[in-house]
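Here the structure comes first, spelled out in structure tokens, and everything after it is commentary.
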Amino acid sequence: MTNFRRAAVTAVGALVLPLPVVAAAPAFATSPTSAAAPVTAGFTASLPRPTGPYAVGRDLLHLVDRNRQDPWVPSAGARELMVSMYYPARAGSGTPAPYMTTEEARLLLARKDPGTGLPPEALAATGTWARADARPADGPFPLVLLSPGFTFPRALFSSIAEDLASRGYVVALIDHTYESTGVTFPDGRTLPCAICDQPPEGGLPAIAESRAKDASFVIDRLTSGSSPWEWARLIDRHRIGMAGHSIGGDAAAATMAADRRVRAGVNMDGTFFAPVPAGGLGGRPFLLFGAGMHDTQGTDPSWDEAWSRLDGWKRWLTVAGADHGSFSDLGLLAQAAGRPSAPGAIDPTRGLAITRTYLAAFFDLQLKGKPQPLLDGPSPDMPEVAVQLP
């Protein structure tokens, strides 16, 4: 119970975080778009511009695993998931994609920033670069699954998903139902977190293992001959990777341990409650990408154990000044809301830029075969990042 509550407190930390430097603006983009104008002058937030050559499309996908009962609320019946599908798109097509629903924003604020009076409508209107119903670019493209941190709704990883899609990836950003502050379904239901305050049977390892089943099910549906996603033909089913934040990072390794289709994985600042198998991950590459307590060996024994067990290409990166939320949009939103950063904390925009740059470098190397010297040592352009080699 103690470990569960400690992890939950970390994941539900206050809104504060990192970064600004972005690559030159792609020709397709002029300004971020939002589905509705902010309702107050006190909060106006926009995601950083994607750095790749493609415009970004986004679809919402409702998936139901009729062969699996929901692990956290059995009375709900079959396991249901919402997945945001980001993909390389043609410029000038589609309509502005909203950041999140108002009810998702209300539940997020109620847990992470209670009592401050920020209207959920303002948070929901955060500017994005993705376009709904956009025409896709010519594929195929590698597929990257993204699994959020515990309690984090999937919207908080929109800037990462948008950037990967702009660089030539299809991205499946998964909301693990009853594990985030809230997720809205097409019929209007918004399901809140069912296990955020009380550990399920099996504790945090059970969450990582359940997420691995979610991820494999998403891959099944996206790569089947009868995929429910209209643009499934864009996916190169032989080039699949996964990244996750916090417990989602643990889930990336758990998914790789159970599913050989996932060729490369990333853990962003997550403890390995479900440990990497003693026999490794079959020689497949894995990136440890952390902040704070992960800056040296010994501060998180699960990382030391994972490092010793990883049997393929591997790197251990740490970002000076970053904290647990730096690998998401959380700090950016906190800054827009006027929340002060901790002394010595990395600027939220800078933190996101570093995260997006290194994730893209890893997947470009492992799924596209493009050499990435950035991953082989310190970079003068990214002095905040320490690189540990095998």
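The values are calculated or read from the model by the stated rules, or taken from the named source; none is laboratory data. Quantities reported herein were computed from a predicted structural model and do not represent experimental measurements. We place every Cβ from the backbone using ideal geometry, glycine too, and count neighbours over all the protein chains shown.
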Q: Tally the residues that are touching a Gly at 6+ places or on another chain (Cβ under 6 Å) and over 20 Å from residue 301 (Cβ atoms), restricting the search to the range 249-262.
A: 1
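Looking at the range 57-111 only, could you name the residues that are among the charged types (D, E, K, R) and either surrounded by fewer than 22 Cβ atoms within 10 Å (Cβ to Cβ) or at pLDDT below 95 (or both)?
Here is the first cut: in the range 57-111, the residues among the charged types (D, E, K, R) are 58-59, 65-66, 68, 70, 79-80, 90, 103-104, 106, 111.
Hits for the range 57-111 are 59, 65, 66, 68, 70, 80, 90, 103, 106, 111.
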Q: Go through the range 215-249 and give me each residue that's outside any loop (DSSP other than H, G, I, E, B), under 20 Å from the mean Cα position of the chain (by Cα) and of a type in the set (Gly, Ala, Ser).
A: 215, 216, 241, 243, 244, 248, 249
Q.
The conditions are (1) part of a helix (DSSP H, G or I); (2) closer than 24 Å to residue 359 by Cα, and residue 100 fails exactly one of them. Which is it?
A. (1)
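Does residue 200 qualify as being in contact with a Phe, Trp or Tyr (Cβ under 7 Å, 6 or more places away or on another chain), modelled with pLDDT under 95 and surrounded by fewer than 22 Cβ atoms within 10 Å (Cβ to Cβ)?
Values: in contact with a Phe, Trp or Tyr (Cβ under 7 Å, 6 or more places away or on another chain): yes; modelled with pLDDT under 95: yes; surrounded by fewer than 22 Cβ atoms within 10 Å (Cβ to Cβ): yes.
The answer is yes for residue 200.
Taking the condition more than 25 Å from residue 236 (Cβ to Cβ), surrounded by fewer than 18 Cβ atoms within 10 Å (Cβ to Cβ) and either at pLDDT below 95 or in contact with a Ser or Thr (Cβ under 6 Å, 6 or more places away or on another chain) (or both), does residue 124 pass? So that I can check it myself, show each step before the final result.
Numbers: more than 25 Å from residue 236 (Cβ to Cβ): yes; surrounded by fewer than 18 Cβ atoms within 10 Å (Cβ to Cβ): no; either at pLDDT below 95 or in contact with a Ser or Thr (Cβ under 6 Å, 6 or more places away or on another chain) (or both): yes.
Taking the combined requirement at face value, the residue does not satisfy it.
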Q | Residues being in contact (Cβ under 8 Å) with a residue 60 or more places away in the chain and surrounded by fewer than 18 Cβ atoms within 10 Å (Cβ to Cβ) - total across the range 232-248 | A | 3
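So, residue 57, is that one outside any strand (DSSP E or B), in contact with a Lys or Arg (Cβ under 6 Å, 6 or more places away or on another chain) and within 19 Å of residue 173 (Cβ to Cβ) or not? Steps first, please.
Working: outside any strand (DSSP E or B): no; in contact with a Lys or Arg (Cβ under 6 Å, 6 or more places away or on another chain): yes; within 19 Å of residue 173 (Cβ to Cβ): yes.
Criteria not met by residue 57.
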Q: State which residue pairs qualify: first residue touching a residue at least 12 places away in the same chain (Cβ under 8 Å) and over 27 Å from residue 262 (Cα atoms) and inside the range 163-191, second residue part of a strand (DSSP E or B) and of a type in the set (Gly, Ala, Ser) in any location, beta carbons under 8 Å apart, and separation of 6 or more residues or different chains.
A: 190/182; 191/182
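Quick one: which residue in 63, 81, 118, 108 is among the hydrophobic types (A, V, I, L, M, F, W, C) and assigned to a helix (DSSP H, G or I)? Before you say what the answer is, go through the steps one by one.
On the way: 63 fails: assigned to a helix (DSSP H, G or I); 81 fails: assigned to a helix (DSSP H, G or I); 118 fails: assigned to a helix (DSSP H, G or I).
Answer to the selection: 108.
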